[in-house]
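Working notes for the structure below.
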Amino acid sequence: MKVPFQDLGPTTNKVKSEFLKKAEQLLDRGRFILGEEVLEFEKRWSAYIGTKYCIGASNGADALYLSLIACGIKAGDEVITQGNAYNASVTAVLRVGAVPRFADISADTLEIDVAKIEPLITAKTKAILPVHLYGQSGDMGAICAIAKKHNLKIVEDCAQAHGAEFSGKKLGSFGQMNAFSFYPTKNLGAFGDAGAVVTDDELLYKECLALRNLGQVAKNDHKYFGTNMRLDPIQAEALSLKIKFLDEANTARVRAGKYYDELLAKSRSEIRPVSLTPKATSVYHLYVVILPQGADRTALQRKLSEKEIETAVHYPTPVYRQPFYKGRRDACPITDSMAERILSLPMFYGINKEQQEYVVEILGKAL
Ligand SMILES: *Cc1c(COP(=O)(O)O)cnc(C)c1O
């Protein structure tokens, strides 16, 4: 049996014929930059997340960058993120000239460990940037309390958590400016690069609209230093169609996630799934397991691959250990040890029970 890591086919097929019609209409209209298609998706996405405003952007990395600029984060400021942050979360901080600080993660949830945040706060700290990895979040209640106490902004990286909630509220509605990626493999994915920022702040919304469009507040009136970070209308069309199936696709992922949990518990293997943060729901962007200490992950992945099971690792090298990163490193022993033990199992809309049973069976044998 073949089990791919990803399969975009089932969600693509749901909108394919309608998308082709929309694309044809777009070509006939001949307006290819911003416009009503982008505005329409922005309305839909802010309504879905429960924020007042949304600014469509070119991709998730730019959405994070836009969020940080709009929050006034600048050279010399410090932004607290987490050890296992994605590359783009950290480079966004570097792009505004700020200094990323790394809080270690919880060994159970692999989300930011809120107890590690306050010790990193200095007079220069301006924001906390939690990265909601794998489909859930850390303790957003505690993060909001810390931010309030120290007068810090929150910028959420929601690129892996479309539709997930904390305490009944959607992720992306906690911080001042929050970023989404619609990279094709995300729970809501475009047919190319796309991203968005969501916010409740009208002034920052207006500033962001200008920032993503060369800093223009009106034609040829460049009030801000801005670059081109616009969302393409053709991607906005794709997203407006796919958003209708997001809850259905997320529900199917949750069902598959719970089934993996059940199978792993039954198999009594030493492999354990990532735990959920209390009060958090997960949309299972990824299904990540933690291997026993000392397990040979490379050999394990090779054995799985011989049985036609594709796996991945998110991420094998913490960003502060990547060759490009020359900045300050905070000690994150749990991040370092977990980077060697995590494994992402096949997870996508359309994975079936037989495939999941096969994955867990082979995984148990291979270990
Ligand atoms: C995908 C992703 C991004 C970047 O999104 P792009 O659209 O690829 O720029 C940022 N953060 C996290 C956590 C991601 O998973």
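The values are calculated or read from the model by the stated rules, or taken from the named source; none is laboratory data. None of these values were measured; they are calculated from a predicted model. For neighbour counting, all protein chains shown are included, and Cβ atoms are generated from backbone atoms with ideal geometry for every residue, glycine included. Calculation scope for accessible area: heavy atoms of the full protein, side chains included, ligands and nucleic acids excluded. Shrake-Rupley method; radii C 1.70, N 1.55, O 1.52, S 1.80 Å.
One line per residue, one yes/no per condition, for (1) under 22 Å from the mean Cα position of the chain (by Cα); (2) without any contact (Cβ under 8 Å) to a residue 40 or more places away in the chain; (3) not assigned by TED's automatic domain parsing to the domain that holds D200:
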| site | (1), (2), (3) |
| --- | --- |
| L20 | no, yes, no |
| A23 | no, no, no |
| D28 | no, yes, no |
| S46 | yes, no, no |
| L64 | yes, no, no |
| I73 | yes, no, no |
| A88 | yes, no, no |
| T91 | yes, yes, no |
| I121 | no, no, no |
Query - Single unsatisfied condition, N59 versus (1) more than 18 Å from the chain's Cα centre (by Cα); (2) within 15 Å of the ligand (Cβ to nearest atom) - result: (1)
Report task. For L188, state whether it is open to solvent by less than 10 Å² (accessible area, probe 1.4 Å) and not in a strand (DSSP E or B). Result -> yes
Query raised in the report: Out of all the residues in the stretch 152-185, which are outside any loop (DSSP other than H, G, I, E, B), within 14 Å of the ligand (Cβ to nearest atom) and of a type in the set (F, W, Y)?
Result: F180
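When the residues of the stretch 93-114 are narrowed to those that are in contact (Cβ under 8 Å) with a residue 40 or more places away in the chain, within 14 Å of the ligand (Cβ to nearest atom) and open to solvent by less than 10 Å² (accessible area, probe 1.4 Å), which ends up nearest to the chain's Cα centre (by Cα)?
Of all residues in the stretch 93-114, those in contact (Cβ under 8 Å) with a residue 40 or more places away in the chain come to 94, 99-111, 113.
This time we only want the ones that are within 14 Å of the ligand (Cβ to nearest atom), so: 94, 100, 105, 110-111.
Now drop any that are not open to solvent by less than 10 Å² (accessible area, probe 1.4 Å), which leaves 100, 105, 110-111.
Numbers: P100: 18, I105: 16, L110: 14, E111: 12 Å.
The qualifying residue nearest to the chain's Cα centre (by Cα) is E111.
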Query raised in the report: Can you pull out the helices (runs of 4 or more DSSP H) entirely within the stretch 250-367 that have at least 1 residues that are outside the structural domain of T91 (by TED's automatic domain parsing), closer than 20 Å to V3 by Cβ and of a type in the set (A, V, I, L, M, F, W, C)?
Result: 297-306, 353-366
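Would you mind finding the one in Q25, Q6 that is within 16 Å of the ligand (Cβ to nearest atom) and surrounded by fewer than 18 Cβ atoms within 10 Å (Cβ to Cβ)?
Numbers: Q25 fails: within 16 Å of the ligand (Cβ to nearest atom).
From the options Q25, Q6, the qualifying one is Q6.
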Query raised in the report: Can you tell me which residues in the stretch 164-219 are acidic (D, E) and either more than 18 Å from L239 (Cα to Cα) or not assigned by TED's automatic domain parsing to the domain that holds S137 (or both)?
Result: E165, D200, D201, E202, E207
Report task. Evaluate the following for A196: is it in a helix (DSSP H, G or I) and either over 16 Å from the mean Cα position of the chain (by Cα) or within 16 Å of F41 (Cα to Cα) (or both)? Result -> no
